[in-house]
Amino acid sequence: MPELQLQQTQESPVYEASGKHLLLTLGECRSELLNDEQALRDLVLAAAEATGATVLNVCSHKFQPQGMTALVLLAESHASLHTYPESNVVFWDCFTCGTTCEPELSVEILVQALGGKIVSQQTVKRP
């Protein structure tokens, strides 16, 4: 099998095939925020920027009758927030490639804004 060779230009940064993947569950969140699409878009942007990542785009979808998903496309990978107002629960998934970003720096921003308590938090190191 031929070896894959990548060309790099001076304009293109190189992202390592390694990184950190943060999985966070927050419980007892303030339910009135969990349906506020604009507030949650602002929150995921702030949380993603706190990691040191480069935000490329934010998109979201509000479900009926309740709940929301917001996605942040990062130059270093992605982050997503899923809300469940009926249970006052939020899931946050933040994966960043390389060694310069710190997904854990997003946790305090989310906890402060959502008023939640950490139910579980795990960081997986990708090779």
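The values are calculated or read from the model by the stated rules, or taken from the named source; none is laboratory data. Everything numeric in this text was worked out from a predicted model, so none of it was measured. All Cβ positions, glycine included, derive from the backbone under ideal geometry; neighbour counts span all protein chains shown.
Points to keep in mind about this one:
- You will find that of A39, A50, A75, A79, the residue that is under 10 Å from the mean Cα position of the chain (by Cα) and modelled with pLDDT of 95 or more is A79 and no other.
- Test: residue in region 37-47 that is within 30 Å of S18 (Cβ to Cβ) and not in a helix (DSSP H, G or I): no
- In region 13-30, the residues that are at pLDDT below 90 and surrounded by 14 or more Cβ atoms within 10 Å (Cβ to Cβ): Y15
This table checks each residue for (1) touching a Gly at 6+ places or on another chain (Cβ under 9 Å); (2) surrounded by 14 or more Cβ atoms within 10 Å (Cβ to Cβ).
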{"residue": "D42", "(1), (2)": "no, yes"}
{"residue": "A48", "(1), (2)": "no, yes"}
{"residue": "A53", "(1), (2)": "no, yes"}
{"residue": "N57", "(1), (2)": "no, no"}
{"residue": "F63", "(1), (2)": "no, no"}
{"residue": "T69", "(1), (2)": "no, yes"}
{"residue": "L73", "(1), (2)": "no, yes"}
{"residue": "S77", "(1), (2)": "yes, yes"}
{"residue": "P85", "(1), (2)": "yes, yes"}
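- Selection status of L81, assigned to a helix (DSSP H, G or I) and either in contact with a helix residue (DSSP H, G or I) (Cβ under 6 Å, 6 or more places away or on another chain) or among the β-branched types (V, I, T) (or both): no
- Residue that is nearest to A47 (Cα to Cα) [pool: residues in region 108-120 that are buried (at least 21 other Cβ atoms within 10 Å of the Cβ) and modelled with pLDDT of 95 or more]: L110
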